[in-house]
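To start, the structure under review is shown below, and the notes come after it.
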Amino acid sequence: MFSEQTLKRPLSTVGKTTKHDARRRNLQAALQSVYREGTTTRAHIARLTGLTRAAVSDLIAQLVQAGLIREVGPGVSSGGKPPTLLTLNPGGRDIVAIDLSRQPFAGALVDLEGRMHHRTWGRKAGLRGRAAIREVFQLVGSLVEAASAPVLGVGIGTPGIVDLGGAVVEASNLRWHGVPLQDELGARFALPIRVANDAHAAALAEFGSRPGFNLVVVKVGVGIGAGIVVNGHLYRGDRPGAGEIGHIRVVNDDGILCTCGNVGCLETVASVPSILRRAASASGARAPDDAEVAWDAGKLSRLLGREALQEALAEAGRSLGTVLAHLVAILDIHQIVIAMELEGAEQDLLDAVRAEVDARVLPSLASVVEFSSTTHGSDLVLVGAAALVLSEELGVVWG
Ligand SMILES: [Zn+2]
């Protein structure tokens, strides 16, 4: 009998590998083969994984019984009996994905292939402290209720530093300090809960679209953070607070007070609200509300003037480029993805970042760096939160 626990049990990192661990690894390898190939056969999985035909048949029987893959009829015969084709059963599980970096918070149900089939939003923008935590509970509850398949787990991308136990150590924009989000949600919902920094989740989503590349993903919204993937793994750091670039001081004199309590942080000049404030101040118009849901460069150009907006974006790009120049020089990573929550403004920002990095880094290092915008649009963190659950619970990576 298949036990889902066999598939989900965490691998021991120390000590002897048990039979149970080996079985779980084989189940994950068989499932990953189906993900990679789309439609395949038992014989092909045996070739890909190096397992015997008998072992693969046994593993496939368990995965079919668990509803994760299905048989879809006969394939082409190579002489004898035609093989049975296997494919993923995308509707076999639902993943609850939540993005706390958007206002109001965003949530979705995601199938096993990464397709979103139900979306929902928090009731109110701009919530902080306990009110924001209550909103997360409400959002998760409504999505669990709306699920049409067994829920594999809940993935949450949140601003701030998140420890390995899923507690939010510090998220100044939400006024959260030491919030044990993973434990609190786990106590309420009897489901696996995975909480990660929003930029880390974003990096997982981009890695799924660009497998095999080292990459840095920079999220520019109300806050600014980076997710770093090296050698196929998300680099989270010791705390783990890797990529908290938003609070690097970039303004030496006359800096603005930041939400973290420091002065002149990158976020005070390159976050979306700070770009809007700068453009508004140059044009003499009123700055749009921070909590406005849909920021759009076209609408803002009409409101604040194209020139004022472009100059604010160029200034933000110069500051962001200054910080990214250090990352390029230290890590020598060639793929940098910038995800900006200001539709239509990404190219202006990318151009300014590129120029600044070129001016600050050795030409042989800077010239090979590709700057691009995300292919996931505003769904980036939701896709990453779902990818986190998929990799932690089933050992599978999209891509
Ligand atoms: Zn700061």
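Below, the figures for the structure above:
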read-out	value
Some residue of region 98-119 being over 19 Å from LEU191 (Cβ atoms) and free of Cβ contacts under 8 Å to residues at least 24 places away in the same chain	yes
Test: residue in region 281-290 that is at pLDDT below 95, under 28 Å from the mean Cα position of the chain (by Cα), open to solvent by less than 70 Å² (accessible area, probe 1.4 Å) and away from the ligand (no atom under 16 Å from the Cβ)	yes
Test: residue in region 365-381 that is of a type in the set (Ser, Thr, Tyr), surrounded by fewer than 18 Cβ atoms within 10 Å (Cβ to Cβ) and within 30 Å of GLY67 (Cβ to Cβ)	yes
ALA149 vs. criteria of a type in the set (A, V, I, L, M) and free of Cβ contacts under 8 Å to residues at least 24 places away in the same chain	no
Selection status of HIS200, more than 16 Å from the ligand (Cβ to nearest atom) and either β-branched (Val, Ile, Thr) or touching a Gly at 6+ places or on another chain (Cβ under 7 Å) (or both)	yes
Residue identified as within 16 Å of the ligand (Cβ to nearest atom), of a type in the set (A, V, I, L, M, F, W, C) and either open to solvent by less than 40 Å² (accessible area, probe 1.4 Å) or over 23 Å from VAL218 (Cα atoms) (or both) among ALA167, ALA149, ALA171	ALA171
Some residue of region 150-169 being assigned to a helix (DSSP H, G or I) and hydrophobic (A, V, I, L, M, F, W, C)	no
Condition broken by GLU184, with the remaining ones in (1) open to solvent by less than 40 Å² (accessible area, probe 1.4 Å); (2) out of contact with any helix residue (DSSP H, G or I) (no Cβ under 6 Å at 6 or more places or on another chain) satisfied	(1)
Enumerated strands (runs of 3 or more DSSP E) restricted to region 35-116, each holding at least 1 residues that are in contact with a Leu (Cβ under 9 Å, 6 or more places away or on another chain) and open to solvent by 40 Å² or more (accessible area, probe 1.4 Å)	69-74
Any hit, region 334-344, residues being open to solvent by 30 Å² or more (accessible area, probe 1.4 Å) and either touching a Pro at 6+ places or on another chain (Cβ under 8 Å) or without any contact (Cβ under 8 Å) to a residue 60 or more places away in the chain (or both)	yes
Residue within region 157-164 that is of a type in the set (A, V, I, L, M, F, W, C), touching an Asp or Glu at 6+ places or on another chain (Cβ under 6 Å) and either modelled with pLDDT of 95 or more or more than 19 Å from ALA108 (Cβ to Cβ) (or both) present	yes
Residues satisfying the stated conditions in region 196-230, i.e. over 9 Å from the mean Cα position of the chain (by Cα), open to solvent by less than 10 Å² (accessible area, probe 1.4 Å) and without any contact (Cβ under 8 Å) to a residue 60 or more places away in the chain	VAL229
Matching residues in region 292-325 - criterion: being under 23 Å from the mean Cα position of the chain (by Cα) and open to solvent by 80 Å² or more (accessible area, probe 1.4 Å)	VAL293
Any hit, region 91-99, residues being at pLDDT below 95 and at negative phi	no
Leading residue by the ranking (most open to solvent (accessible area, probe 1.4 Å)) among those in region 6-32 that are of a type outside the set (A, V, I, L, M, F, W, C) and at pLDDT below 55	THR13
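Every residue, every condition in (1) among the small types (Gly, Ala, Ser); (2) more than 10 Å from the ligand (Cβ to nearest atom); (3) within 15 Å of GLU311 (Cα to Cα), yes or no:
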position	(1), (2), (3)
ILE228	no, yes, no
GLY237	yes, yes, no
GLY246	yes, no, no
ASP254	no, yes, no
LEU257	no, no, no
CYS265	no, no, no
ALA270	yes, yes, yes
ARG278	no, yes, yes
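The values are calculated or read from the model by the stated rules, or taken from the named source; none is laboratory data. Everything numeric in this text was worked out from a predicted model, so none of it was measured. Every residue, glycine as well, gets a Cβ built from its backbone with ideal geometry; the counts of neighbours run over all protein chains shown. These area figures cover heavy atoms from the full protein model, side chains too; ligands, DNA and RNA do not enter into them. Shrake-Rupley method; radii C 1.70, N 1.55, O 1.52, S 1.80 Å.
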